[in-house]
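Bear in mind that the values in this text are calculations on the coordinates, not laboratory data. Keep in mind that what you see is a predicted model, and the values were worked out from it rather than measured. Cβ placement follows ideal geometry from the backbone for every residue including glycine, while neighbour counts extend to all protein chains displayed.
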């Protein structure tokens, strides 16, 4: 979900999203053959493999995994998938324009937080019947399935997962007298351990780091602290913010405490997301919530511990990000496209392609695969992905409420941590105003 973009790039993306959503809405209203209520044609449990040419779009951050998956599928099937990689900042507008002209590819992926919007606009076909027939349907990541469900029908499967986890630098933990094999299990532990790192006064090293001006970074890493505490961040219909709850207040208080104590790298205050993962990779940060997908990169420079993100008094959760995928409303090869998706969920794709190349599996029953067991941290990541307390927030206007530069969520978190303003109720109401539009 989180991408390393500059402030100007994020502004452009926000504006493009508004234009594309309008185009999508027009397309859904003007087409009687839209995806809503439309069902993928039957072709057996695994669809049809008869040599059809299929098209697939995905955004650039997933280029590595997409290329690996398409190459493996094409090598083993009569059907052949042609992959198009679209620059991240162009993706929403490209999908919106294609939706309006009937030019969507057979298959296309989406940042999972956009899926609820595109499902409601009718851009994907109904996969409910086909998914239900898969013998492992109950093992498929629930966060992605829920994000792609509308009025009881399922339109989206996981394409590539990304999770937020707690990571800590074992070397810095040893130097601070902390147990390098035990990361924080409560919010208080997180604060205590970050302060212990800071107390070493090691030049250029700080207890923790976060995207202080990056809404997407902080939904990815702070929402799980609330979920792990047994509370929600949004109403079930995604139209009301619950970010003024008791658990949320304690999360803000913990980060404010760390900031006031000097245990947060000062660069965090202006961090827009472009460089938020860098300091930990450079060995400069003791402990922080972090993208699980970057563990292979982190391993090159840091001896890192990994665990689920804890709540106020314990618990464990993660934000299940990444991209979902479905069969577009414009596809004329529905059964063949389903063949690709059924294979994508198979052990062959999940284990022999994704797990073999350091990616997270989308099925809970494959958490202990032969590649993951080589590293207990990877098993832990796979298991937390399948946990019922690991979630994907669902809201049609998620981008404008949370991810966009200057969003009301960014205002709220900055007021709580940096500005010392006692206006949580007003800031939360501002989020509600966007969500309820």
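Comparing 237, 89, 146 in a Gaussian network model of the chain where C-alpha atoms under 10 Å apart are linked, the largest mean-square fluctuation is found at 237. Dividing the mean sequence gap of close Cα pairs (under 8 Å, 6+ apart) by how many residues the range 219-348 holds gives a relative contact order of 35 percent. Using Cα centres only, tell me the gap between the range 206-258 and the range 122-170 in whole Å. Taking the Cα centre of each part, the range 206-258 and the range 122-170 sit 23 Å apart. Sequence-distant contacts, meaning Cα pairs under 8 Å at least 6 residues apart, place the relative contact order of the range 145-214 at 17 percent.
Of the residues 109, 395, 97, the one that moves most in a GNM of the chain with alpha-carbon contacts below 10 Å is 97.
Could you work out how much longer the chain between residue 60 and residue 188 gets when fully extended? Use 0.36 nm per residue separation minus the Cα distance between them, nm to one decimal.
Computed gain between residue 60 and residue 188 is 42.3 nm.
A Förster radius of 22 Å combined with the Cβ-Cβ distance from residue 137 to residue 68 puts the calculated FRET efficiency at roughly 0.35.
Using only Cα atoms, tell me the angle between helix 7-30 and the longest principal axis of the chain; keep it within 0 to 90° and round to the nearest 10. For 7-30 against the chain, the angle is about 30 degrees. Calculated FRET efficiency, residue 418 to residue 368, Cβ-Cβ distance, R0 = 45 Å: about 0.60 to the nearest 0.05. Distance between the pseudo-spin-label points of residue 236 and residue 78 (7 Å out from Cα toward the beta carbon): 4.6 nm.
So, in Å, what gap is there between the alpha-carbon centers of the range 58-113 and the range 270-299? With the range 58-113 and the range 270-299 each reduced to a Cα centre, they are spaced 27 Å.
With a ≥ b ≥ c the root eigenvalues of the C-alpha gyration tensor of the range 347-388, is it rounded (a/c under 1.5), prolate (a/b larger than b/c) or oblate? List each step's numbers first, then the result.
Numbers: a/c = 1.91, a/b = 1.22, b/c = 1.56.
In terms of gyration-tensor shape, oblate.
With the simple spin-label model, which puts each label point 7 Å out from Cα in the Cβ direction, the residue 269 to residue 332 separation comes to 6.0 nm.
At a 10 Å Cβ-Cβ cut-off, how would you order 255, 276, fewest neighbours first? Show your work: numbers first, answer last.
Details: 255 24, 276 27.
If I rank by nearby Cβ atoms, fewest first, I get 255, 276.
Multiplying the residue separation of residue 313 and residue 260 by 0.36 nm and subtracting their alpha-carbon distance yields 16.9 nm. Length available on full extension from residue 383 to residue 297: 0.36 nm per residue minus the Cα-Cα distance, which gives 28.9 nm.
The sum of -39500 (n - 2.57) across all DSSP H runs of n ≥ 4, divided by the residue count of the chain, sets its helix-only mean residue ellipticity at 222 nm to -11000 deg cm²/dmol. Which of these, 406, 311, 212, has the largest mean-square fluctuation under a Gaussian network model of the chain (Cα springs below 10 Å)? In this elastic network of the chain, the residue with the biggest mean-square fluctuation among 406, 311, 212 is 406.
Compared with the dominant principal axis of the Cα atoms in the chain, helix 376-386 is inclined by about 60°. For the chain, the relative contact order works out to 25 percent when only alpha carbon pairs closer than 8 Å and six or more residues apart are counted.
Specify whether the C-alpha gyration tensor of the range 264-419 places it in the rounded, prolate or oblate class, a ≥ b ≥ c being the square roots of the eigenvalues: rounded for a/c under 1.5, otherwise prolate if a/b is larger than b/c and oblate if not.
Details: a/c = 2.06, a/b = 1.31, b/c = 1.58.
Oblate, because a/c is 1.5 or more while a/b does not exceed b/c.
Quick check: convex hull over the Cα atoms of the chain, volume per residue in Å³, rounded to an integer?
Working: hull volume 52.4 nm³, N = 437.
Taking the convex hull of the Cα positions in the chain, it is 120 Å³ per residue.
Rounded to the nearest 10 degrees, the angle from helix 424-435 to the longest Cα principal axis of the chain is 10 degrees.
Rounded, prolate or oblate: which one fits the range 222-299, using the alpha carbon gyration tensor with axes a ≥ b ≥ c (rounded when a/c is under 1.5, else prolate when a/b beats b/c, else oblate)? It comes out prolate by the Cα gyration axes.
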